[in-house]
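Single-structure report; data block below.
The values are calculated or read from the model by the stated rules, or taken from the named source; none is laboratory data. Predicted model only: the values in this text are computed from it and were never measured. Positions of Cβ are backbone-derived with ideal geometry, glycine not excepted, and every protein chain shown enters the neighbour counts.
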Amino acid sequence: MAATASNRTDPMSSPYDVAVLGAGVAGLTAAYRLRDLDVIVIDADSHVGGRTLSQQFDDGSWANFAAQYVSNDKLKVFELADELDLDLIPSGFHSDSSRVAGNDDLKRALAPWLEKLNDEMARPRPADAAELDGLTVAEWLEGAPDSVHDYFELWCGQLLFASNMETSLHGLMLVWGDQRVTPFTTEQVPRSNRGEVVFKGGTNTFTRALAKASGATIETETLVIAVEESEGLCRVVVEGPSGDRTIEARHVISALPGTVARDVIRHLPPAKVKALSRVRYGCNIATPISVLPEGQTVEPLPLVPSRHSAIYCSNDYVLRTPGDIARDGGCFHAYIHDSHARVVWDDDPASIRSGAWRSFAAAFPELADRVHHIGFKRWRHALPHRHAGRMADEEVLKASCGAIHFCGDYTWTSNMDGAARSGEAAAQRVRDTLSTSGNPT
C-alpha cells in the first residue's frame, strides 16, 4: 500500500467523504477538484496516473508508456497544467501528419472516400443518429477497394485500438476530425496559442502533481473487489498488500474501466449494466525505446527468441521525445496496438523486448548500439472502442446511481482532456448532491 500526504490524521479511519476508484487522469482530476473534502483514491496498479505512466532517467530524458501529446485544443489539460505550475514544451510533432496517405495509387483510391467522409463531417447531426452511431466503418466502406479498407483499418487501429468492424462512422469522424474534439467541421474548436506540447519529464508528471495537490490518501496495489451502497454509506471492499478490508465513504466516484465497474458495483440498474456491458476495450503493449546521445554506446541488450513474423511496433516510430534524437538521444515511444498486440500478448516480456529491439534495429541501424533501455507495459484496457451504439448509451454511461458516480474515457472523448473533463463532471455531481442534501462536507 502506498500513500501520499493526506488531510486526515488517521488514514485508516472511516468514513471518507469520497472514495475514488482508479488513479488515472479522470480519477485524479476528480480528487483534485474535491481537495477540500476527505478523499481516498484507490488503484490496482503500482503507480498513479494510469496510462500517463512514464519513466525518468538520470540524464533528464524520459520514456512515456502511453499518453503522449497535448494538442492545442486540449484546453482542460492546459488549465490544469497551469494550476499545477507544470512545464509544457513544444512537441515537435503535429498529429495531422499521420493522416498522410502513402503512394499515389493509394491516394487516388482514397480520394472519393475522403470526399465522402468530409461531406459527412460537414453535415451536423445528433451524435446518436442511426447513420452515424449505428453504422460501422466496415459497413460505410462497402464497395471500397481493399487498399482503402486497409488504410482505415490501420487508422482505426492506431487511433482507437479497434478494427473497422469495431468502430462506428461517428467514431471514425471523431478521430479524423479537428483534433478529435468534434466529428463535425462546422463546429468552432477553441485552441491554445501554445501549439502542440508535451509534459517536460514525461506525462506522469501531470498525474503525480494532481495526486499530490489533491491531498487525498492514495492507495496503489489495491484491487477493488466489490462496491455497495446501503444505509447512507458506500462500502468498498478492497484487496491490498495487507489483506482484505472495507472502506466506507459517503460517495464513490468510479473511474474504473466500464466492464470492471459493471462487475464490482452491486445493484446497478439494468440499463446501466447493459450499457457498461457494451463497452469494449482495445489492448496495447508499450515498449518505449531509449537511446543515448551521439558518440555514446552501450553493451548490447541481452536478446532471446521472438516471433519472426510478428509486428513489434505498429506506430512506425513517429511518436518520440522532442528534439534531435539522433544527436542528443531520447525516446521512441513505440507500441503494439490491439490486433498485433494480441498475437504476442502472452509471450514473455523478454521475448517482446527482444522483438522490439530487432524491429527498431531494422528501422534505425545507426542507432541500434545506442539503445540503453526498452520499457515494457501491457495495457489490457488501453482505449474503449467507439463502437456502433456507443453514443446512444452515452447519457446512461455518465449517469450517477445514487451516491455512486461515474467518469473515465468511456464516458467522454478518449484522451487526457476528455478524461479530465469527465473527472471534473463527476466531482461536480458530488458537490451538487452535497449541496441539495444540506451537507457541505
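Of the listed requirements (1) over 19 Å from the mean Cα position of the chain (by Cα); (2) at pLDDT below 95; (3) assigned to a helix (DSSP H, G or I), Ala101 misses just one: (3). Mind checking which residues of region 224-243 are within 14 Å of Ser14 (Cβ to Cβ) and surrounded by fewer than 19 Cβ atoms within 10 Å (Cβ to Cβ)? The answer is Glu231, Gly232, Leu233, Val237.
If the condition is being aromatic (Phe, Trp, Tyr) and over 22 Å from Lys200 (Cβ atoms), then region 286-323 contributes only Tyr312.
Determine if region 278-291 includes at least one residue that is free of Cβ contacts under 8 Å to residues at least 60 places away in the same chain, of a type in the set (A, V, I, L, M) and assigned by TED's automatic domain parsing to the domain that holds Ser339. Walk me through it before giving the result.
First, pick out the residues of region 278-291 that are free of Cβ contacts under 8 Å to residues at least 60 places away in the same chain: none.
No; the residues of region 278-291 include none that is free of Cβ contacts under 8 Å to residues at least 60 places away in the same chain, of a type in the set (A, V, I, L, M) and assigned by TED's automatic domain parsing to the domain that holds Ser339.
Of all helices (runs of 4 or more DSSP H) completely enclosed by region 120-175, which ones contain at least 2 residues that are out of contact with any His (no Cβ under 7 Å at 6 or more places or on another chain) and closer than 16 Å to Leu110 by Cβ?
Numbers: elements: 130-133, 137-140, 146-160.
So the answer is 137-140, 146-160.
So in region 114-170, with the set limited to residues that are of a type in the set (Ser, Thr, Tyr) and under 27 Å from Gln188 (Cβ atoms), which one is surrounded by the most Cβ atoms within 10 Å (Cβ to Cβ)?
Filtering region 114-170 for residues of a type in the set (Ser, Thr, Tyr) gives 136, 147, 151, 163, 167-168.
Narrowing further to those that are under 27 Å from Gln188 (Cβ atoms): 167-168.
On the way: Thr167: 30, Ser168: 26.
So, considering only residues that are of a type in the set (Ser, Thr, Tyr) and under 27 Å from Gln188 (Cβ atoms), the one surrounded by the most Cβ atoms within 10 Å (Cβ to Cβ) is Thr167.
You will find that of Asp409, Asp432, Asp417, the residue that is in a helix (DSSP H, G or I), in contact (Cβ under 8 Å) with a residue 12 or more places away in the chain, among the acidic types (Asp, Glu) and assigned by TED's automatic domain parsing to the domain that holds Leu37 is Asp417 and no other.
Look at (1) among the small types (Gly, Ala, Ser); (2) part of a helix (DSSP H, G or I); (3) out of contact with any strand residue (DSSP E or B) (no Cβ under 7 Å at 6 or more places or on another chain) and you find that Ala341 fails only one, number (3).
Condition first: assigned to a loop (DSSP other than H, G, I, E, B), in contact with a Lys or Arg (Cβ under 9 Å, 6 or more places away or on another chain) and within 19 Å of Cys283 (Cα to Cα). Can you find one or more residues in region 78-93 that meet it? Working first, answer last.
First pass over region 78-93, keeping only residues assigned to a loop (DSSP other than H, G, I, E, B): 84-87, 91-93.
Filter once more, keeping what is in contact with a Lys or Arg (Cβ under 9 Å, 6 or more places away or on another chain): 84, 86-87, 92-93.
Keeping just the survivors that are within 19 Å of Cys283 (Cα to Cα) gives none.
No, region 78-93 has no match at all.
Can you pull out every residue in region 182-200 that is of a type in the set (Gly, Ala, Ser) and closer than 11 Å to Ser91 by Cβ? Give the steps one after another, and end with the answer.
Here is the first cut: in region 182-200, the residues of a type in the set (Gly, Ala, Ser) are 192, 195.
If the condition is that a residue be of a type in the set (Gly, Ala, Ser) and closer than 11 Å to Ser91 by Cβ, then Gly195 is the only one that fits.
So Ser354 passes all but one of these: (1) touching a Ser or Thr at 6+ places or on another chain (Cβ under 6 Å); (2) within 29 Å of Val137 (Cβ to Cβ); (3) at pLDDT 95 or above. Which condition number does it fail? Here Ser354 clears every test but (2). Residue check: Asp346 meets all listed conditions (1) of a type outside the set (A, V, I, L, M, F, W, C); (2) farther than 26 Å from Gly60 by Cβ; (3) touching a residue at least 24 places away in the same chain (Cβ under 8 Å) but one, namely (3).
Return the total of residues in region 267-302 being more than 25 Å from Leu383 (Cβ to Cβ) and either surrounded by 14 or more Cβ atoms within 10 Å (Cβ to Cβ) or in contact with a strand residue (DSSP E or B) (Cβ under 8 Å, 6 or more places away or on another chain) (or both).
Taking region 267-302 and keeping what is more than 25 Å from Leu383 (Cβ to Cβ), we get 267, 269-270, 291-302.
Then keep just the ones that are either surrounded by 14 or more Cβ atoms within 10 Å (Cβ to Cβ) or in contact with a strand residue (DSSP E or B) (Cβ under 8 Å, 6 or more places away or on another chain) (or both); that gives 267, 269, 291-294, 298, 301.
Residues meeting the conditions: 8.
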